[in-house]
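To keep things clear, I will list the structure first and then write my remarks on it.
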Amino acid sequence: MRVTNEMQFAGLLRNTQRTLANMTKVQDQVASGVRLQRPSDGPAEMVRILKNRQDDARLTVHLATIRDVTIALDASATALTDAKDVLTHAKDIALQAANTATSDPTADEALAQEIDGALSSLLQIANRKLSDGRSLFAGTASQTTPFIVSAKDSSGRPTQIDYQGSNASSQVLVGPGQTFDALIPGNVFQMPNADSSSADAKDAFQVLMKLRDDIRNKNGLSTVDRNAALTKHLDELDRVTTGVLESLATQGVQSELLTQWSERVTDRQSSLQKQNSELESVDVAAAITELTQQQNLYKISLSLIQQVNSLSLVDFLR
């Protein structure tokens with residue numbers, strides 16, 4: 001088969017167009033810093049990149065959840081610390097009342113009013129909410145106000161406070177198979193190991209209400225019996241305070257574990273992003289070398305095309 005000038009010209013033209021396309025591709029890579037401009041530039045690498053992007057997006061969601069849980073844990077830890085301070089102050093008042101040799105109605109009323117204030121403060125603490133309106137101590141019933149005053153005396157003082165939240169912690173997923181308790185139930189304010197069949201106080205609110213009433217001596221107890229009742233309330237305050245402190249310690253452990261998990265997720269996300277950067281980014285030095293080669297090939301191709309055209313014109317003139 002005879003190779004004509006036209007065939008040579010067509011072949012040179014195809015090679016020149018291919019060289020021009022390669023040169024343009026490398027120029028785009030150098031300009032953008034991205035090696036993989038389209039899936040065809042590296043199908044296997046593009047699959048890896050897309051998988052990494054999916055995992056990265058999933059980790060971003062987990063990190064956002066971790067931040068939300070951290071905020072909830074910090075808020076509940078602050079609330080529990082405040083509750084501990086209220087109970088400690090109530091114990092100081094109970095000690096003062098129990099150490100009084102004789103009953104002084106005026107002094108007793110002042111002390112009882114302080115307990116009323118402590119009760120009000122504890123109720124506000126137990127009903128604290130996050131900025132999005134979720135209750136800290138209602139468990140899974142986070143949209144519910146956990147503690148409500150369901151009965152009052154003739155003076156408007158609470159005589160019964162009921163819990164209407166859930167008894168289960170609100171758990172959230174912060175990673176594959178990894179959950180944390182975001183919002184805890186209100187039993188944190190209950191008396192640890194309380195006898196449900198007993199008439200004794202079952203939670204911190206009942207302890208404070210009974211303490212308040214015995215300081216006022218609403219039941220007309222003798223001095224000995226009144227002091228015995230106040231001494232009993234001291235023990236109850238110790239027990240509920242211990243329960244709050246144990247929950248506070250648990251929150252601290254949860255917070256530390258969450259910090260460690262957050263670091264692991266962040267490290268994993270950084271690793272994925274680094275992998276993608278290495279897969280996508282162009283080696284500038286190598287790309288410039290290749291660009292120079294393609295430019296030289298392009299010049300040679302143009303020169304050959306010009307020579308073929310010249311030969312074709314001479315043949316025509318002959």
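The values are calculated or read from the model by the stated rules, or taken from the named source; none is laboratory data. Remember, predicted model here, so these are calculated numbers, not experimental data. When we count neighbours, we look across all protein chains shown, and the Cβ atoms used for this are built from the backbone with ideal geometry, even at glycine.
Being touching a helix residue (DSSP H, G or I) at 6+ places or on another chain (Cβ under 9 Å) and at pLDDT below 80 is true for just one of 108, 74, 41. Which residue is that?
One residue alone meets the criteria, 41.
Within the stretch 72-86, which residues are hydrophobic (A, V, I, L, M, F, W, C) and in contact (Cβ under 8 Å) with a residue 60 or more places away in the chain?
Residues satisfying the conditions are 72, 73, 75, 77, 80, 83.
Taking the condition exposed (fewer than 14 other Cβ atoms within 10 Å of the Cβ) and over 19 Å from residue 166 (Cβ atoms), does residue 151 pass? Please lay out each step first, then the result.
On the way: exposed (fewer than 14 other Cβ atoms within 10 Å of the Cβ): yes; over 19 Å from residue 166 (Cβ atoms): yes.
Here the answer is yes, as residue 151 does meet what is asked.
Looking only at the stretch 215-223, decide whether some residue is closer than 30 Å to residue 117 by Cβ, modelled with pLDDT under 90, out of contact with any strand residue (DSSP E or B) (no Cβ under 8 Å at 6 or more places or on another chain) and assigned to a helix (DSSP H, G or I).
Looking through the stretch 215-223, at least one residue is closer than 30 Å to residue 117 by Cβ, modelled with pLDDT under 90, out of contact with any strand residue (DSSP E or B) (no Cβ under 8 Å at 6 or more places or on another chain) and assigned to a helix (DSSP H, G or I).
Go through (1) modelled with pLDDT of 65 or more; (2) surrounded by 13 or more Cβ atoms within 10 Å (Cβ to Cβ) for residue 270 and report which single condition fails.
Result: residue 270 fails condition (2) only.
Kindly establish whether residue 303 is outside any helix (DSSP H, G or I), among the polar types (S, T, N, Q) and at pLDDT below 90.
For residue 303, the condition - outside any helix (DSSP H, G or I), among the polar types (S, T, N, Q) and at pLDDT below 90 - is not met.
So residue 178 fits all but one of (1) closer than 30 Å to residue 63 by Cα; (2) buried (at least 16 other Cβ atoms within 10 Å of the Cβ); (3) touching a residue at least 60 places away in the same chain (Cβ under 8 Å); what number is the exception?
Checking residue 178 against (1) closer than 30 Å to residue 63 by Cα; (2) buried (at least 16 other Cβ atoms within 10 Å of the Cβ); (3) touching a residue at least 60 places away in the same chain (Cβ under 8 Å), the one that fails is (2).
If we keep just the residues of the stretch 64-88 that are surrounded by fewer than 16 Cβ atoms within 10 Å (Cβ to Cβ) and not charged (D, E, K, R), which is nearest to residue 112 (Cα to Cα)?
Among them, the one singled out is 88.
Considering the stretch 129-159 alone, what residues qualify as being in contact (Cβ under 8 Å) with a residue 12 or more places away in the chain and part of a strand (DSSP E or B)?
135, 147, 148, 149, 150, 158, 159
With respect to residue 231, determine if the residue is at pLDDT 90 or above, more than 13 Å from residue 94 (Cβ to Cβ) and in a helix (DSSP H, G or I). Walk me through it before giving the result.
Working: at pLDDT 90 or above: yes; more than 13 Å from residue 94 (Cβ to Cβ): no; in a helix (DSSP H, G or I): yes.
It is false that residue 231 is at pLDDT 90 or above, more than 13 Å from residue 94 (Cβ to Cβ) and in a helix (DSSP H, G or I).
Return the total of residues in the stretch 99-153 being under 21 Å from the mean Cα position of the chain (by Cα) and either of a type in the set (Phe, Trp, Tyr) or farther than 21 Å from residue 78 by Cα (or both).
Selection size over the stretch 99-153: 1.
Among the residues of the stretch 111-126, are any in contact with a Ser or Thr (Cβ under 7 Å, 6 or more places away or on another chain) and either surrounded by fewer than 17 Cβ atoms within 10 Å (Cβ to Cβ) or within 19 Å of residue 235 (Cα to Cα) (or both)?
The answer is no; no qualifying residue exists.
Going by the structure shown, is residue 117 free of Cβ contacts under 8 Å to residues at least 24 places away in the same chain and assigned to a loop (DSSP other than H, G, I, E, B)?
No, not satisfied.
Kindly indicate whether residue 143 is within 30 Å of residue 253 (Cα to Cα) and in contact with a Ser or Thr (Cβ under 6 Å, 6 or more places away or on another chain).
no
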